[in-house]
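Asks: Structure in structure tokens, see below.
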Amino acid sequence: QVQLVESGGGLVQAGGSLRLSCAASGSTFSSYAMGWFRQAPGKEREFVARISRRTGIYYADSVKGRFTISRDNAKNTVALQMNSLKPEDTAVYYCAADRDSYSRAIESSAYQYWGQGTQVTVSS
């Protein structure tokens with residue numbers, strides 16, 4: 001029943017920045033942990049970042065220092081600020097929600113709701 005819609009993807013040169021947004025509806029947003037995942041063609045879905053009011057913020061090692069996850073519970077939105085982008089960041093980026101806000105899960109199977117994804121392409 002939770003609906004998630006990502007936006008903000010696009011084409012950017014290496015070293016550039018993009019800000020992704022995820023708008024949620026249909027549930028009590030603040031009670032969910034929210035995550036960002038990405039998937040490149042031919043590769044498995046990969047954890048990027050997670051934010052929860054219970055367990056804080058976690059990042060994949062590959063994006064630490066470059067990406068920042070944030071949320072605005074009043075607006076039911078989650079954002080992913082991506083700086084210093086690299087060609088290997090190219091993927092479809094997905095927003096996801098996990099009912100268990102006490103968990104630190106990074107597995108995609110732990111998340112019950114997913115957005116449709118937004119394409120991020122980084123050229124070299």
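Asks: Would you mind pulling out the separation of the Cα centroids of the range 95-113 and the range 40-64, in Å?
Replies: Value for the Cα centre distance between the two parts: 11 Å.
Asks: While we're looking at this one, here's another question. Quick one: length gained pulling Asn73 to Gln1 fully straight, 0.36 nm per residue minus the C-alpha distance?
Replies: Contour length minus the Cα-Cα distance gives 24.1 nm.
Asks: Turning to a different aspect of this structure: Please list, in chain and number order, the residues 5+ apart from Ala105 or on another chain whose amide H is under 5 Å from its amide H, with Hs placed from the backbone.
Replies: none
Asks: Right, another one. Just to confirm, what accessible area per residue do you get for the chain at 1.4 Å probe, in whole Å²?
Replies: 50
Asks: Then there's this: Using Cα positions and a limit of under 17 Å, work out the aspartates and glutamates in reach of Lys64, with same-chain residues fewer than 8 apart set aside.
Replies: Qualifying aspartates and glutamates at Cα under 17 Å: Glu46, Glu88, Asp89.
Asks: Along the range 24-38, what does the Karplus equation 6.51 cos²θ - 1.76 cosθ + 1.60 (θ = phi - 60°) give for ³J(HN,Hα), rounded to whole Hz, x for Gly and Pro?
Replies: In residue order, the calculated couplings are 10, 8, x, 7, 8, 4, 5, 7, 9, 7, 10, x, 10, 10, 9 Hz.
Asks: What percentages, rounded to whole numbers, describe P(r) for the range 28-124 computed over all alpha carbon pairs with 5 Å bin width beginning at zero?
Replies: All Cα pairs considered, the percentages come to 3, 14, 25, 27, 18, 9, 3, 1, 0.
Asks: Let me ask another. For Ala33, enumerate residues with amide H under 5 Å from its amide H, sequence gap 5+ or separate chain, H modeled in the peptide plane.
Replies: For Ala33, whose amide H was placed from the backbone, the distant partners under 5 Å are Asp98, Asp100, Ser101.
Asks: What are the ³J(HN,Hα) values, in whole Hz, obtained from phi via the Karplus relation 6.51 cos²θ - 1.76 cosθ + 1.60 with θ = phi - 60°, for each residue of the range 41-54 in sequence order, with x given for Gly and Pro?
Replies: Karplus values, whole Hz, x for Gly and Pro: x, x, 10, 6, 5, 10, 5, 10, 7, 9, 9, 8, 5, 8.
Asks: Whenever you get a sec, compute what percent of the accessible area on the range 52-124 sits on carbon and sulfur atoms (1.4 Å probe).
Replies: 46
Asks: Could you derive backbone 3J(HN,Hα) for the range 5-10 from the dihedral phi with the Karplus parameters 6.51, -1.76 and 1.60 (θ = phi - 60°), listing whole Hz in sequence and x where the residue is Gly or Pro?
Replies: With coefficients 6.51, -1.76 and 1.60, one gets 10, 8, 7, x, x, x Hz.
The values are calculated or read from the model by the stated rules, or taken from the named source; none is laboratory data. Note that the structure is predicted; figures quoted are calculated from it, not measured. SASA here: full protein model, heavy atoms, side chains in, ligands and nucleic acids out. Shrake-Rupley method; radii C 1.70, N 1.55, O 1.52, S 1.80 Å.
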